[in-house]
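Right, one structure below, let's go through it.
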Amino acid sequence: MLKRLVALSALALTLTAGIAAAATVEAGKVDAYDEATREITLEGGKMFVLADGVSTEGLDVGDEVTLTVNDMDGKMVAEKMEIGE
């Protein structure tokens with residue numbers, strides 16, 4: 001019983017670490033934002049989709065942003081966005 005619990009705990013920890021490692025941070029200046037599709041494009045052409053819970057209040061073209069991004073089914077999805085000064 002104890003061996004099974006230890007094995008399951010190790011598996012859960014491994015899976016959690018793998019998910020956390022998948023997130024990347026991208027930063028840059030906003031080149032374009034489409035409200036209808038929630039797509040944000042940074043200078044240089046990198047495009048991301050903002051997750052539903054990400055607020056766009058105060059977001060303008062030209063703002064510096066930092067995005068926490070995950071690859072979800074081939075789309076780069078920003079799950080967090082910080083707007084710089």
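The values are calculated or read from the model by the stated rules, or taken from the named source; none is laboratory data. Please read all numbers here as calculations on a predicted model, not as lab measurements. FYI the Cβ positions are ideal-geometry reconstructions off the backbone, even for glycines, and counts take in every protein chain you see.
In table form, for the structure just shown:
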item: The range 32-52: number of residues that are in a loop (DSSP other than H, G, I, E, B) and among the aliphatic types (A, V, I, L, M); result: 2
item: Cross-chain or 6+ apart pairs with Cβ under 7 Å, the range 53-70 first and outside any loop (DSSP other than H, G, I, E, B), then surrounded by 13 or more Cβ atoms within 10 Å (Cβ to Cβ) and acidic (Asp, Glu); result: Leu67/Glu26; Thr68/Glu79; Val69/Glu26; Asn70/Glu79
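Listed here are the residues, each with its yes/no results for (1) at pLDDT below 70; (2) surrounded by 10 or more Cβ atoms within 10 Å (Cβ to Cβ).
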site: Leu2; (1), (2): yes, no
site: Ala21; (1), (2): yes, no
site: Val25; (1), (2): no, yes
site: Asp31; (1), (2): no, yes
site: Glu35; (1), (2): no, no
site: Gly45; (1), (2): no, no
